[in-house]
Amino acid sequence: MLTSKDMSEHCGLKSSIIRKDLAQFGACGIKGQGYVVSELTAYLNKILGINNTKDVVLVGAGHLGTAIARYPGFINANFNFIAAFDIDDEKIGSSIGHTHIYSIDTLNKYLEDHKIEVIVLAVPSSAALDIVTKLDSRIVKGILNFTSMVFPGRMNDMYIHNIDLAKELEVISFCMKNCITQKSDD
């Protein structure tokens, strides 16, 4: 069993907020006892659309792309990197773990043949727009963008989530300055 108090300690949110949010999605715990972990996990996975493994393609097999493809947390979240694409002839034909690296020239054909809906973009910003605009939005539905180019949240019927690591550090800095101070003042 997992209580909303346990979750609040890990998330930094009030337990009442966690209970309300979970109830809003229809997850019900046992009053005074909490939530059955396996049931809550399955329920949240269904809400998030990750109750089945999703195959993902990496575009950009440089340092950042390699680190992303090797990140073990994706497996626990039901994401499976099945291919990577790059322009570097020295990388093409090699692998990142079990993920084979192909030529960027074959990206769209691969996406179509394998019905890949999600890509992770880790290329130089100068190449990002060209790659995204050439994607077939009838196939690709989501892009996790690690470039410094900021795309709109929706483009050509694809959802794009921009990850800017510098901005994430700014959030940490803000919280260190403001959130921790406010909490200790309560």
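The values are calculated or read from the model by the stated rules, or taken from the named source; none is laboratory data. All values derive from a computational prediction rather than experimental measurement. In this analysis, Cβ positions are derived from the backbone assuming ideal geometry, glycine residues included, and neighbour counts consider all displayed protein chains.
Worth a mention:
- Of all positions in segment 40-57, at least one carries a residue that is β-branched (Val, Ile, Thr), more than 28 Å from residue 125 (Cβ to Cβ) and without any contact (Cβ under 8 Å) to a residue 24 or more places away in the chain.
- Within segment 108-116, not a single residue is surrounded by 13 or more Cβ atoms within 10 Å (Cβ to Cβ), under 26 Å from residue 166 (Cβ atoms) and in contact with a Phe, Trp or Tyr (Cβ under 8 Å, 6 or more places away or on another chain).
- All of (1) free of Cβ contacts under 8 Å to residues at least 24 places away in the same chain; (2) loosely packed, with under 12 Cβ neighbours inside 10 Å hold for residue 102 with one exception: (2).
- Applying the condition of being at pLDDT 95 or above and touching a helix residue (DSSP H, G or I) at 6+ places or on another chain (Cβ under 9 Å) to segment 152-165 and asking which residue is nearest to residue 126 (Cα to Cα) yields 160.
- If the condition is being part of a loop (DSSP other than H, G, I, E, B) and either in contact (Cβ under 8 Å) with a residue 60 or more places away in the chain or surrounded by 13 or more Cβ atoms within 10 Å (Cβ to Cβ) (or both), then segment 157-166 contributes 163, 164.
- Filtering segment 18-77 to residues that are part of a loop (DSSP other than H, G, I, E, B), among the hydrophobic types (A, V, I, L, M, F, W, C) and either under 30 Å from residue 104 (Cβ atoms) or under 21 Å from the mean Cα position of the chain (by Cα) (or both) leaves 25, 50, 61, 77.
- Condition met for residue 116 (touching a His at 6+ places or on another chain (Cβ under 8 Å), β-branched (Val, Ile, Thr) and modelled with pLDDT of 95 or more): no
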